[in-house]
Amino acid sequence: MPLPLPLPNEALRQAEELNRRIVESTGDCVKILDLDGRLVHINAVGLQTLEVADASALLNQPLAGFFEGDVRTAAEDAVELARTGARGRFQYQMRSGSGAAKWFDAVVTPITDANGAVVQLLAISRDVTDRRREEALRASQHQVLEMIATGRALSDVLDRLVHLVEDHFDGMLCSVLLLADDGTTIRHGAAPSLPEDYVRAIDGLSIGPRAGSCGTAMYLGTRVIVTDILTDPLWDDYRGVAQRFGVRACWSTPIFSPQRKVLGSFAMYYTEPRTPTDDELRLIEMAADIARIAIEQQRAYSALRHSEARNQAILRALPDWIFLTTFDGVFLDHHANDAATPQTSPAVFLGATIKDVLSPTVAGVLMQAFARASASDDTEIVEYRMESGDVERSYEARIVRCDGDKMLSIVRDITARKQAELELDAHRRELAHLSRVAMLGEMTGALAHELSQPLTAVLSNAQAARHLLDRDPMDLEMLRETLDDVIRNDKRAGAVIDRLRSLLRKGDAARQPVDVNEMTREVIDLAYGELASRRVAVTTTLPPTIPPVLGDRVQLQQVLLNLVLNACDAMNNTHAIDRQLALSTAANNGFVHLAVSDCGVGIPDGQLERVFEPFVTFRDQGLGLGLAISRSIVTAHGGSIWAENNADGGATFRCALPIAHPAG
Amino acid sequence: MDRAHPMKLAVVDDDNDVRTAVARLLSAMGHHVRVFPSAEDFEAETVVVDCVILDVRLPGATGLELRERLRRGSARTPVVLITGNGDRLTLEAAAAVDTPLITKPFDAAKLTGAIAAAIAAAPRT
């Protein structure tokens, strides 16, 4: 760019002056070489770097001659490139008089005349020691973090971390100590460069307010700088050990968890008394930070391993089969302990679908359960039966969604439980039957009366008919009426016998929809004689219609009959005109409610639940099994039965039975 | 007892079938029979009968209670008790008051025999 300069000579002088000042004021080492690469000029920074007083001994020396080996070749190549008009570059290391290594980046460029011919070469060396150290540090840091990420052992990671820091500073020794879970005991972490005996001497000591640099740093939770171990009171108790191994300065910083819990310490040692530089302080914090990540990660890994081990132990102890499938029923994985091997070999079913392996019925049940479990997030429990060899066995599958789109099925063989349930059910039925027989036995008098009424009518009508036959003329109208009454009363007796027979039946009756209103009327009919002979007045409050419940009609009648007879017993000592029995039914919240209220003596305090226990009775007669059996019947129907005392005297027994679902 | 000696009788029983059938039998045998569903209904009408056939178990006053009142009354009407429940308690109660009692079902002969016995036992006025 043309500058507005007054005179060529003056301009030249000014330009040279400018150049000289640039060269002398730069922090870089500037050299001017002739075309053979020999030194023509070197600036003051260059002399300082080379640690020589003046340039005379260096002038006319070839640049490459300052170096050896590969670096010399690289320097020669760079000079050659510059001579051809290009830009040469090479890097080299130099040790200063103090022995510290320094790295330089050298760039060699051509100096041309007005015609563009190369006349001299310019070599500029820049001190890149700091940059290279930073790069090396970053690389090592990265390496350590990679070790942590790949789950390498904590001791390996900490060893590498210690080396990383030690490499960065000449003569520095580092150690990592860990604080045990008890919060006081010091444990060895990593100290690859410290003498083994020293490391052993520290392991197991306790932290405290005067426990060397590390023990104190962990105790106080702050960085502790001890410049000279020989004089610092923190080392009073440990000075001997330190002296024996020749350490003099020790700086330690605590390693904190994210919750500010002390995990350990990172320490730097020197064999002479020293105060840390900013660089060293920066690095000790960085090292403590990386150590924290390593320790935390190791703890997380260890927790995971423990949890994994626990899960494995649970799995080993479970008697169940566990299957992992996709939502579509493809078997992905399974678990079975030795005692419960699945019928089909895993090689066959893994990868196949439920529909391939199991019968269409069972597969259908499971797939529907999958759909429900997937939609609800709840555990679905289904039961099914399968042929196993020659026998049919029962299974229960608990199905839950896991990992988002997979299904976990825990399958248990419940054949034995099912068998026990069946036997229990049979016992319960047998007991219920015996109880019905006993109950009807108590009603014998009333039932005899119920039969004798129509039989009396039949006999009297039949004998009346014979007399009417003798009349002349015969009153045929009266005769027909009389015979109609014979038939009607015979049917009436038959109905009494039918009711008795159904109650005495030993039942494995199928569950069927039962109209509780109708059942209530039947029970009142059956107990009519008993109620009449005990002079008990009955009122019923039945809604016009009531949803059906699903159940064993006879057993439900038994429950109600038992409640009615109990109510009568409770009113034995009540004045005859006050003997009121109220029966009512209602439907709400999915249940049909049945209530039997009496005006009797009520139930003693605290006995409302006890009356349902076997052999507990407040009556003069009976074994005290009626209510226990009633409860077992109601419970088997999915309902509940309980007792309450009325505010105005007497007791009410309530029974809730689930309404039958229309679909069955 | 035959058609030559018709009697005035009353049947008190809350069971319509029994009441109707017994009354029909006694009518067919030639007697004049009136029926009542309860003791109160019977007492509400001033009827003079030769014998009352009384059910032991009645709503309101029982047959035994009614019998007591009849005995205390000036008429001193003979009573036959009938019952569907032949338990010891009922039999003993009847025996204690020296009243014929027959258990259901009974035939015509047993009924007429009891009526005759009741009339025979009743104190003559």
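Quick look at the values:
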read-out	value
DSSP bridge pairs, the protein assembly as shown: antiparallel proportion in percent, nearest 5	85
Alpha-carbon centroids, segment A:229-286 and segment A:461-500: separation in whole Å	121
Chain A: relative contact order as a whole-number percent, Cα under 8 Å and 6+ apart	5
Peptide A:464-475, shielding by other chains (average Cβ, 10 Å cutoff)	3
Extended-chain gain in nm, criterion 0.36 nm per residue less alpha-carbon gap, residue A:180 and residue A:359	58.7 nm
Debye, to nearest 20: dipole size of chain B, +1 on Lys, Arg Cβ, -1 on Asp, Glu Cβ	420
HN-Hα J in Hz across segment A:310-319 - Karplus 6.51, -1.76, 1.60, θ = phi - 60°, x for Gly and Pro	4, 4, 5, 5, 4, 4, 5, 7, 6, x
Kirkwood hydrodynamic radius over Cα pairs of segment A:413-522, then Stokes diffusion coefficient at 10 °C and 1.306 mPa s, in µm²/s	89
Size of electric dipole in the protein assembly as shown: Cβ of Lys, Arg +1 and of Asp, Glu -1, about Cα centre, debye, nearest 20	1820
Crossing angle, helix A:415-442 versus chain A [Cα axis fit, 0-90 degrees, rounded to tens]	30
Order of A:129, A:150 - criterion: other Cβ atoms within 10 Å of each residue's Cβ, fewest first	A:150, A:129
Span per principal axis, largest first, for the Cα atoms of segment B:8-120 (Å)	33, 29, 28
Isotropically averaged projected area of the protein assembly as shown, using the convex hull of Cα atoms (one quarter of hull area), nm²	72.1
Packing-based exposure ordering (other Cβ within 10 Å, fewest first) of A:228, A:182	A:182, A:228
Reachable lysines, given that their alpha-carbon falls under 20 Å from the alpha-carbon of residue A:31 and they are not under 8 places away in the same chain	A:102
Average partner coverage of B:105-113, which counts Cβ from other chains inside 10 Å	4
Dipole of segment A:160-229 [Lys/Arg +1, Asp/Glu -1 at C-beta], most positive-end residue of A:219, A:204, A:193	A:219
Under 5 Å, built H, 5+ apart or other chain: amide partners of residue A:414	A:394, A:395, A:396
Rounded to whole Hz, the Karplus (6.51, -1.76, 1.60) HN-Hα couplings of segment A:246-253, x for glycine and proline	x, 8, 10, 10, 8, 10, 9, 10
Amide H partners (placed H, <5 Å) of residue A:264, local residues excluded	A:179, A:255
Value at 222 nm in deg cm²/dmol, rounded to 500, when DSSP H runs of n ≥ 4 in chain A each add -39,500 (n - 2.57)	-14500 deg cm²/dmol
Potential lengthening between residue A:586 and residue A:372 on full extension [0.36 nm per residue; Cα-Cα distance subtracted]	73.8 nm
Extended-chain gain in nm, criterion 0.36 nm per residue less alpha-carbon gap, residue A:220 and residue A:383	52.5 nm
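Computed from the coordinates by the stated procedures, all read-outs in this text should not be read as laboratory data. Just so it is clear, the model here is predicted, and its values are computed rather than measured. Here Cβ is always computed from backbone atoms with ideal geometry, including for glycine, and neighbour counts include all displayed protein chains.
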